[in-house]
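The values are calculated or read from the model by the stated rules, or taken from the named source; none is laboratory data. No experiment lies behind these values; they were computed from the predicted model shown. Note that each Cβ is placed from the backbone with ideal geometry, even for glycine, and that neighbours are counted across all protein chains shown.
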Amino acid sequence: MLKKKLKNNAKKVDSFIKSYLIKQKKSQLLKPMKYGILSGGKKIRSSIIMSTGKIYKLSLKKLLFISAAVECIHSYSLIHDDLPCMDNDKFRRGKLSTHAKFGESTAVLAGNSLLTLAFEIISDKKFFLDNNKKIDLIKNLASSSGHTGVAGGQELDLKYEKKRKSPKQIINMQRKKTGKLFEFCTLAPLIIAGKSNKEKKNMSKLGEDIGLLFQISDDFLDITGTKKKIGKLIKKDKKKGKSTLISIMGLKKAYKYANNLEIKILRKLKKHGNKAKELSNIVQYILKRQT
């Protein structure tokens, strides 16, 4: 049931993005941009936005603008992460990564274009929202994506390779690399709904924790998954000397940490009652997922 829901949500976001890109002026970069962003995947981040929006009874139309923007950021980061100068991955979601398909320079520019497109989507006149709320969304998405978020986390991830780091350092790195964009996913609906700063702070922290859980789950998949199921090469982290909780704590202790984190997240969601059921289901799915 949940997998079907995730699939339907992903289709809605893909449809929005396709429609948005059709209206863009033609350029040589549109094809690799589409390749990078419309390449499958469950779009968990979008489903988290929609599920959080349900708690506050927000319209799907408004949430789709935010979801599309987040998927642009996420896709840009994947395109860049796969580059030879970074993680050097030739496959993504069962097909050639963007740089392997179109070349490195085109991949860099397509990634840059998706990054900027995210802010174009939020600032669009058809996104009917108070301008102050739009500014708040843009500011938070920018900080989640740049040196204090996704980009900064990726930099630490690369610098930590083949080095012995503490659990605290690794968790901080993963909170930036993955957690910050998830933080935006749970914060954005509250900005739209005009909720209090206290509520926004609490939900932001919850989103960051969900992102950390997602990253740890990804690290498990690199060890226990298969190339066919995941759509890319496995057991890369050990070969590259990646610093993960698994590499310093071992599989058993890392799983215990992740399980406790999941329990903590679900406990916080309980206060929202049945309205948070869908979001709770996604959280429970994250650690159990196979792809």
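Observations on the structure shown:
- Residue match in the range 76-90 (condition: in contact with a strand residue (DSSP E or B) (Cβ under 9 Å, 6 or more places away or on another chain), within 29 Å of E155 (Cα to Cα) and part of a loop (DSSP other than H, G, I, E, B)): yes
- Options K23, K61; residue that is under 24 Å from S144 (Cα atoms), free of Cβ contacts under 8 Å to residues at least 24 places away in the same chain and out of contact with any Leu (no Cβ under 8 Å at 6 or more places or on another chain): K61
- The requirement of being out of contact with any Leu (no Cβ under 6 Å at 6 or more places or on another chain) and not in a helix (DSSP H, G or I) is fulfilled somewhere in the range 1-20, by at least one residue.
- Residues that are among the charged types (D, E, K, R) and surrounded by fewer than 19 Cβ atoms within 10 Å (Cβ to Cβ) within the range 13-27 comprise K18, K23, K25, K26, listed in sequence order.
- Applying the set (1) touching a residue at least 12 places away in the same chain (Cβ under 8 Å); (2) in a helix (DSSP H, G or I); (3) not polar (S, T, N, Q) to I135 leaves exactly one unmet item: (1).
- Restricted to the range 201-291, the set of helices (runs of 4 or more DSSP H) holding at least 2 residues that are modelled with pLDDT of 85 or more and either under 30 Å from M86 (Cα atoms) or more than 20 Å from the chain's Cα centre (by Cα) (or both) comprises 245-249, 251-269, 277-288.
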